[in-house]
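What follows is a single structure, written as C-alpha coordinates, with notes after it.
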Amino acid sequence: DTAVSQTPKYLVTQMGNDKSIKCEQNLGHDTMYWYKQDSKKFLKIMFSYNNKELIINETVPNRFSPKSPDKAHLNLHINSLELGDSAVYFCASSPPPSGNTIYFGEGSWLTVV
Amino acid sequence: GESVGLHLPTLSVQEGDNSIINCAYSNSASDYFIWYKQESGKGPQFIIDIRSNMDKRQGQRVTVLLNKTVKHLSLQIAATQPGDSAVYFCAEKDGNYKLTFGKGTLLTVNP
(Lines give C-alpha, C1' and ligand atoms only; values in the text may rest on other atoms or scores of the structure.)
Protein backbone atom coordinates (compact mmCIF):
# COMPACT_ATOMS: atom_id res chain seq x y z
CA ASP A 1 0.00 0.00 0.00
CA THR A 2 3.01 2.26 -0.56
CA ALA A 3 1.87 5.71 -1.65
CA VAL A 4 4.74 6.58 -3.99
CA SER A 5 6.73 3.57 -5.11
CA GLN A 6 9.75 3.51 -7.33
CA THR A 7 11.84 0.70 -8.75
CA PRO A 8 14.57 -0.34 -8.66
CA LYS A 9 15.76 0.78 -5.24
CA TYR A 10 19.38 0.07 -6.11
CA LEU A 11 20.97 0.13 -9.53
CA VAL A 12 24.64 -0.34 -10.38
CA THR A 13 25.52 0.01 -14.04
CA GLN A 14 28.41 0.79 -16.31
CA MET A 15 29.10 4.05 -18.06
CA GLY A 16 27.41 4.33 -21.41
CA ASN A 17 24.48 2.12 -20.54
CA ASP A 18 20.83 3.16 -20.76
CA LYS A 19 18.62 2.61 -17.73
CA SER A 20 15.12 3.41 -16.53
CA ILE A 21 13.61 4.08 -13.13
CA LYS A 22 9.90 3.56 -12.73
CA CYS A 23 7.52 5.40 -10.43
CA GLU A 24 3.90 4.91 -9.52
CA GLN A 25 1.66 6.73 -7.07
CA ASN A 26 -1.67 5.45 -5.77
CA LEU A 27 -2.69 8.72 -4.08
CA GLY A 28 -4.74 10.02 -6.97
CA HIS A 29 -2.47 13.04 -7.31
CA ASP A 30 -2.32 15.04 -10.52
CA THR A 31 1.28 16.18 -10.29
CA MET A 32 4.42 14.06 -10.22
CA TYR A 33 8.10 14.95 -9.95
CA TRP A 34 11.61 13.67 -10.24
CA TYR A 35 14.20 15.05 -7.84
CA LYS A 36 17.92 14.31 -7.73
CA GLN A 37 19.84 14.19 -4.46
CA ASP A 38 23.61 14.45 -4.68
CA SER A 39 26.28 13.19 -2.30
CA LYS A 40 25.93 16.35 -0.20
CA LYS A 41 22.22 15.65 0.30
CA PHE A 42 21.18 18.58 -1.86
CA LEU A 43 17.75 17.96 -3.40
CA LYS A 44 17.08 19.51 -6.78
CA ILE A 45 14.05 19.21 -8.97
CA MET A 46 14.52 17.76 -12.44
CA PHE A 47 11.06 17.42 -13.94
CA SER A 48 7.41 17.80 -13.10
CA TYR A 49 4.31 16.53 -14.88
CA ASN A 50 0.74 17.57 -14.28
CA ASN A 51 -1.90 15.26 -15.73
CA LYS A 52 0.71 13.77 -18.08
CA GLU A 53 1.84 17.19 -19.29
CA LEU A 54 5.40 18.39 -18.72
CA ILE A 55 5.32 21.58 -16.65
CA ILE A 56 8.81 21.84 -15.19
CA ASN A 57 11.98 20.94 -17.02
CA GLU A 58 15.01 22.20 -15.19
CA THR A 59 18.43 22.40 -16.77
CA VAL A 60 18.91 18.68 -17.13
CA PRO A 61 20.96 16.99 -19.88
CA ASN A 62 18.74 15.70 -22.62
CA ARG A 63 20.08 12.22 -21.86
CA PHE A 64 17.37 12.30 -19.18
CA SER A 65 13.90 11.78 -20.57
CA PRO A 66 10.79 11.52 -18.40
CA LYS A 67 7.74 9.67 -19.62
CA SER A 68 4.27 9.79 -18.14
CA PRO A 69 1.94 7.16 -19.64
CA ASP A 70 -0.83 8.22 -17.27
CA LYS A 71 -1.11 10.54 -14.29
CA ALA A 72 -0.26 7.75 -11.84
CA HIS A 73 3.08 6.95 -13.47
CA LEU A 74 6.19 8.95 -14.19
CA ASN A 75 9.22 7.04 -15.42
CA LEU A 76 12.74 8.35 -15.86
CA HIS A 77 14.91 7.07 -18.67
CA ILE A 78 18.61 7.90 -18.78
CA ASN A 79 20.73 7.36 -21.88
CA SER A 80 24.49 7.04 -22.06
CA LEU A 81 25.02 7.07 -18.32
CA GLU A 82 27.97 9.02 -16.96
CA LEU A 83 29.83 8.81 -13.66
CA GLY A 84 28.32 12.12 -12.59
CA ASP A 85 24.83 10.67 -12.85
CA SER A 86 25.48 8.67 -9.70
CA ALA A 87 22.98 9.95 -7.16
CA VAL A 88 19.73 9.15 -5.45
CA TYR A 89 16.68 9.85 -7.58
CA PHE A 90 13.40 10.55 -5.84
CA CYS A 91 9.99 10.37 -7.38
CA ALA A 92 7.28 12.45 -5.74
CA SER A 93 3.68 13.51 -6.19
CA SER A 94 1.39 16.24 -4.94
CA PRO A 95 -2.33 16.95 -4.95
CA PRO A 96 -3.90 20.11 -6.32
CA PRO A 97 -3.60 23.02 -5.77
CA SER A 98 -0.31 22.97 -7.54
CA GLY A 99 2.91 22.39 -5.73
CA ASN A 100 1.63 22.03 -2.22
CA THR A 101 2.77 19.25 0.06
CA ILE A 102 4.90 16.89 -1.96
CA TYR A 103 5.07 13.24 -1.01
CA PHE A 104 8.26 11.39 -1.80
CA GLY A 105 9.08 7.84 -2.69
CA GLU A 106 11.87 5.94 -0.99
CA GLY A 107 14.46 6.75 -3.63
CA SER A 108 16.48 4.89 -6.24
CA TRP A 109 20.23 4.69 -5.60
CA LEU A 110 22.00 4.86 -8.95
CA THR A 111 25.72 4.08 -9.09
CA VAL A 112 27.53 4.41 -12.40
CA VAL A 113 30.88 2.63 -12.57
CA GLY B 1 18.59 32.14 -8.76
CA GLU B 2 16.51 32.01 -5.63
CA SER B 3 17.73 29.64 -2.94
CA VAL B 4 17.05 28.41 0.53
CA GLY B 5 19.88 27.92 2.98
CA LEU B 6 20.45 26.66 6.49
CA HIS B 7 22.50 28.33 9.21
CA LEU B 8 23.83 25.11 10.73
CA PRO B 9 24.72 22.03 8.77
CA THR B 10 24.87 19.85 11.92
CA LEU B 11 23.15 19.95 15.27
CA SER B 12 23.81 17.64 18.18
CA VAL B 13 21.47 17.57 21.19
CA GLN B 14 20.86 15.47 24.25
CA GLU B 15 17.79 13.29 24.43
CA GLY B 16 14.98 15.21 26.07
CA ASP B 17 16.30 18.63 25.10
CA ASN B 18 14.53 20.91 22.68
CA SER B 19 16.01 21.31 19.19
CA ILE B 20 15.87 24.34 16.94
CA ILE B 21 16.76 24.06 13.28
CA ASN B 22 17.04 27.28 11.31
CA CYS B 23 16.58 28.15 7.67
CA ALA B 24 17.04 31.36 5.69
CA TYR B 25 15.23 31.89 2.41
CA SER B 26 15.85 34.54 -0.19
CA ASN B 27 12.69 34.65 -2.30
CA SER B 28 10.34 37.20 -0.77
CA ALA B 29 7.61 35.95 -3.12
CA SER B 30 7.56 32.53 -1.48
CA ASP B 31 4.16 31.87 0.05
CA TYR B 32 4.39 28.32 1.32
CA PHE B 33 7.04 26.56 3.37
CA ILE B 34 7.52 22.96 4.38
CA TRP B 35 9.84 21.11 6.72
CA TYR B 36 10.87 17.61 5.74
CA LYS B 37 12.67 14.90 7.70
CA GLN B 38 14.89 12.44 5.89
CA GLU B 39 16.10 9.35 7.71
CA SER B 40 19.04 7.39 6.42
CA GLY B 41 18.14 5.38 3.34
CA LYS B 42 14.66 6.84 3.04
CA GLY B 43 12.85 9.57 1.18
CA PRO B 44 12.01 12.98 2.66
CA GLN B 45 8.98 12.82 4.91
CA PHE B 46 6.60 15.74 5.46
CA ILE B 47 6.69 17.12 9.01
CA ILE B 48 4.86 20.41 9.03
CA ASP B 49 4.04 23.31 6.74
CA ILE B 50 3.16 26.96 7.06
CA ARG B 51 1.74 29.59 4.74
CA SER B 52 3.05 33.10 4.45
CA ASN B 53 -0.04 34.58 6.10
CA MET B 54 0.93 32.85 9.36
CA ASP B 55 3.91 33.26 11.65
CA LYS B 56 3.56 30.15 13.78
CA ARG B 57 2.10 26.70 13.43
CA GLN B 58 2.21 23.84 15.89
CA GLY B 59 2.07 20.11 15.42
CA GLN B 60 2.76 17.22 17.67
CA ARG B 61 6.08 18.10 19.38
CA VAL B 62 7.01 20.36 16.47
CA THR B 63 6.51 24.05 15.90
CA VAL B 64 7.39 26.06 12.81
CA LEU B 65 8.03 29.78 13.08
CA LEU B 66 8.09 32.10 10.09
CA ASN B 67 9.61 35.58 10.17
CA LYS B 68 8.94 37.19 6.82
CA THR B 69 10.70 40.40 7.77
CA VAL B 70 14.07 38.70 7.89
CA LYS B 71 13.08 35.76 5.66
CA HIS B 72 13.75 33.21 8.35
CA LEU B 73 12.12 29.89 9.12
CA SER B 74 12.72 27.63 12.08
CA LEU B 75 11.66 24.20 13.22
CA GLN B 76 11.44 23.53 16.93
CA ILE B 77 11.29 19.96 18.19
CA ALA B 78 10.27 19.52 21.80
CA ALA B 79 11.73 16.75 23.99
CA THR B 80 13.94 15.46 21.20
CA GLN B 81 14.12 11.70 20.94
CA PRO B 82 16.67 9.37 19.31
CA GLY B 83 14.11 8.69 16.59
CA ASP B 84 14.31 12.35 15.63
CA SER B 85 17.87 11.87 14.38
CA ALA B 86 17.77 12.63 10.67
CA VAL B 87 18.50 15.30 8.08
CA TYR B 88 15.96 18.12 8.13
CA PHE B 89 15.18 20.21 5.07
CA CYS B 90 13.23 23.38 4.68
CA ALA B 91 11.60 24.02 1.34
CA GLU B 92 9.84 27.02 -0.19
CA LYS B 93 7.31 27.55 -2.94
CA ASP B 94 6.62 30.82 -4.73
CA GLY B 95 3.32 30.04 -6.40
CA ASN B 96 4.29 27.59 -9.12
CA TYR B 97 4.69 23.84 -9.00
CA LYS B 98 8.27 23.85 -7.81
CA LEU B 99 9.48 23.40 -4.26
CA THR B 100 13.02 24.63 -3.73
CA PHE B 101 14.93 22.84 -1.00
CA GLY B 102 17.59 24.09 1.37
CA LYS B 103 20.85 22.30 2.06
CA GLY B 104 19.68 20.25 5.03
CA THR B 105 20.71 20.04 8.67
CA LEU B 106 21.85 16.80 10.25
CA LEU B 107 20.29 16.40 13.69
CA THR B 108 21.95 13.92 16.02
CA VAL B 109 20.28 13.03 19.29
CA ASN B 110 22.58 11.67 21.97
CA PRO B 111 21.12 9.28 24.55
All positions within the stretch A:79-104 that are open to solvent by 60 Å² or more (accessible area, probe 1.4 Å) and within 12 Å of chain B (Cβ to nearest Cβ): A:96, A:97, A:103
Subset of the stretch B:35-72 (residues that are of a type in the set (Asp, Glu) and buried (at least 17 other Cβ atoms within 10 Å of the Cβ)): B:49
Long-range neighbours under 7 Å by Cβ, at least six apart or interchain, first residue over 14 Å from residue A:6 (Cβ atoms) and of a type in the set (Phe, Trp, Tyr) within the stretch A:62-89, second open to solvent by less than 30 Å² (accessible area, probe 1.4 Å) and modelled with pLDDT under 95: A:64/A:46
Any hit, the stretch A:12-31, residues being within 14 Å of chain B (Cβ to nearest Cβ) and without any contact (Cβ under 8 Å) to a residue 24 or more places away in the chain: no
The stretch B:87-110: number of residues that are outside any strand (DSSP E or B) and facing chain A (nearest Cβ under 7 Å): 5
Index of the failed condition, residue A:76 passing every other in (1) open to solvent by 20 Å² or more (accessible area, probe 1.4 Å); (2) at pLDDT 95 or above: (1)
Search result, residues across the stretch B:37-55 that are charged (D, E, K, R) and either part of a loop (DSSP other than H, G, I, E, B) or more than 13 Å from residue A:100 (Cα to Cα) (or both): B:37, B:39, B:42, B:55
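The values are calculated or read from the model by the stated rules, or taken from the named source; none is laboratory data. None of these values were measured; they are calculated from a predicted model. All Cβ positions, glycine included, derive from the backbone under ideal geometry; neighbour counts span all protein chains shown. In case anyone asks, the SASA skips ligands and DNA or RNA and just uses the protein heavy atoms, side chains included. Shrake-Rupley method; radii C 1.70, N 1.55, O 1.52, S 1.80 Å.
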